[in-house]
Structure formats: structure tokens, C-alpha cells
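In what follows, a single structure is set out as C-alpha cells and then discussed.
The values are calculated or read from the model by the stated rules, or taken from the named source; none is laboratory data. Because the structure is predicted, anything quoted here is derived from the model rather than measured. Neighbour counts are summed over all protein chains in view; Cβ atoms, including those assigned to glycine, are modelled from backbone coordinates with ideal geometry. Surface accessibility is based on the protein's heavy atoms, side chains included, excluding ligands, DNA and RNA. Shrake-Rupley method; radii C 1.70, N 1.55, O 1.52, S 1.80 Å.
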Amino acid sequence: MRLVQVGANKGDDTLAKHIKKNYDKLDFALFVEANPLHIEDLKKCYEGYENVFIENIAIKPSTYKEDTLKLYYYEDDAPLYAVTSCVKSHIEKHYRHFHYNEEKLHQFEVPALTIDELFLKYNIQELDWLLLDVEGIDAELLLDTDWSKYDIKKIEYEKLHLGENKKPIEKIFKDLGYLKSVPLHHYDDVWIKPS
């Protein structure tokens with residue numbers, strides 16, 4: 001099994017449980033997490049595993065030319081810090097019902113790569129499973145990438161914030177011959193390439 005999870009958070013999630021049950025089948029796993037507050041927990045989650053790589057970077061659309069990306073998080077989201085985004089309004093949207101206070105918004109900057117640059121770095125042409133959860137720019141990344149260049153058997157992404165881009169994204173995968181399937185989480189969409 002070869003997989004990439006972009007937006008891995010602290011690990012210790014449904015995917016981590018699946019991997020632990022199927023570790024003997026794991027040939028390659030890359031976990032990408034932009035929030036540096038999660039990296040130690042992510043490393044602990046997968047310590048002792050072979051063929052596992054962890055990257056503390058952000059994934060950016062190709063239109064963004066800088067080598068780093070500024071990300072925001074909200075102080076009251078501690079200790080999980082589940083919502084970290086390069087889109088400030090995405091943070092505000094999540095916390096506006098909790099007496100949102102601009103002074104509690106913090107930022108940091110991390111190195112950033114496009115999906116193509118990340119795949120090139122790890123020489124990825126084929127994957128069994130790609131999972132994307134990039135808080136606020138999922139649609140932009142899904143529409144920005146030429147998925148026909150890769151042989152990915154299963155693509156799973158968070159569908160909650162796709163808005164008007166949901167249908168065009170679905171069309172991309174339908175046109176590539178993918179079929180919609182059952183996701184890990186109810187807030188995801190998943191597409192499987194028939195063998």
C-alpha cells in the first residue's frame with residue numbers, strides 16, 4: 001500500500017488505525033502537516049514504522065509563487081488545533097459562533113510546495129490512496145492539479161468547503177473514469193479508479 005495524507009494533523013485518526021491493522025501491506029506513507037504544533041505527535045503516532053515520511057510543509061496552489069505560506073490558527077482551538085488555514089476567513093468562519101476575537105488569531109510561516117512539486121520530490125507516479133484535508137483551499141488544489149498525470153487508485157478529500165466547485169471537481173474525476181465510493185468520514189468524498 002502506497003499512500004499520501006495531506007493535512008495529517010496529529011495522526012492518531014481513522015487512517016492511523018487502518019494503517020496499524022494493515023501495516024504489513026504498507027510500502028510507502030507520506031504524511032504532510034503544515035502546523036508545526038502537530039509534528040511531534042505525528043512522529044509519535046508513526047514511530048517505529050518503516051517507509052514512513054513526515055513533512056512539516058504547506059501545500060499551495062500553483063498560482064502562489066512564494067516558497068513559504070502564511071498560516072493562521074485560533075488560540076481557543078487548543079490543544080487540538082484542528083483548523084489551521086492560509087485563508088484567514090476560514091478560521092473566522094469556524095469560530096464566529098464562539099465570540100471570535102481577532103487578538104486570539106495567530107500565524108506562522110512554513111515552506112510550501114504544490115502537489116506536483118511534492119510528488120516530484122518523492123518520485124510519486126502511482127498511489128493506492130491520496131487523502132486531502134487542507135482547510136479552506138481543498139477546491140483550489142483539486143482544480144489546480146492535472147490528475148491525469150498520476151495513477152491514483154483512491155482519492156479522498158474533505159467536501160465541506162467546496163461550495164460551487166463541488167460539481168466541477170466531481171466532473172474531473174468522473175471524466176477520468178473514477179467512481180464515487182464510501183469515504184472514511186461522512187464529511188469526505190472519495191473516488192475510486194476501477195481496476
Query raised in the report: Which residues, counting only those in the range 30-43, are charged (D, E, K, R), within 17 Å of the chain's Cα centre (by Cα) and part of a helix (DSSP H, G or I)?
Result: Asp41, Lys43
Report summary line: For the range 68-127, the count of residues that are over 18 Å from Asn56 (Cβ atoms), at pLDDT 90 or above and open to solvent by less than 60 Å² (accessible area, probe 1.4 Å) equals 3
Report task. Within the range 150-162, identify whether any single residue is at pLDDT 95 or above, out of contact with any Asp or Glu (no Cβ under 6 Å at 6 or more places or on another chain) and open to solvent by 60 Å² or more (accessible area, probe 1.4 Å), and answer yes or no. Result -> no
**Report entry** Within the range 20-29, tally of residues that are assigned to a helix (DSSP H, G or I), touching a residue at least 24 places away in the same chain (Cβ under 8 Å) and not hydroxyl-bearing (Ser, Thr, Tyr)
**Finding:** 1
Requested in this report: Filter the range 44-63 down to residues that are assigned to a helix (DSSP H, G or I) and exposed (fewer than 15 other Cβ atoms within 10 Å of the Cβ), then give me how many there are.
Outcome: 1
Report task. Kindly list, by first and then second residue, each pair from a residue in the range 168-195 that is open to solvent by 40 Å² or more (accessible area, probe 1.4 Å) to a residue that is of a type in the set (Gly, Ala, Ser), limited to pairs with Cβ atoms under 8 Å and residues at least 6 apart or on different chains. Result -> Leu176/Ser148; Ile192/Ser181; Lys193/Gly177; Pro194/Gly177
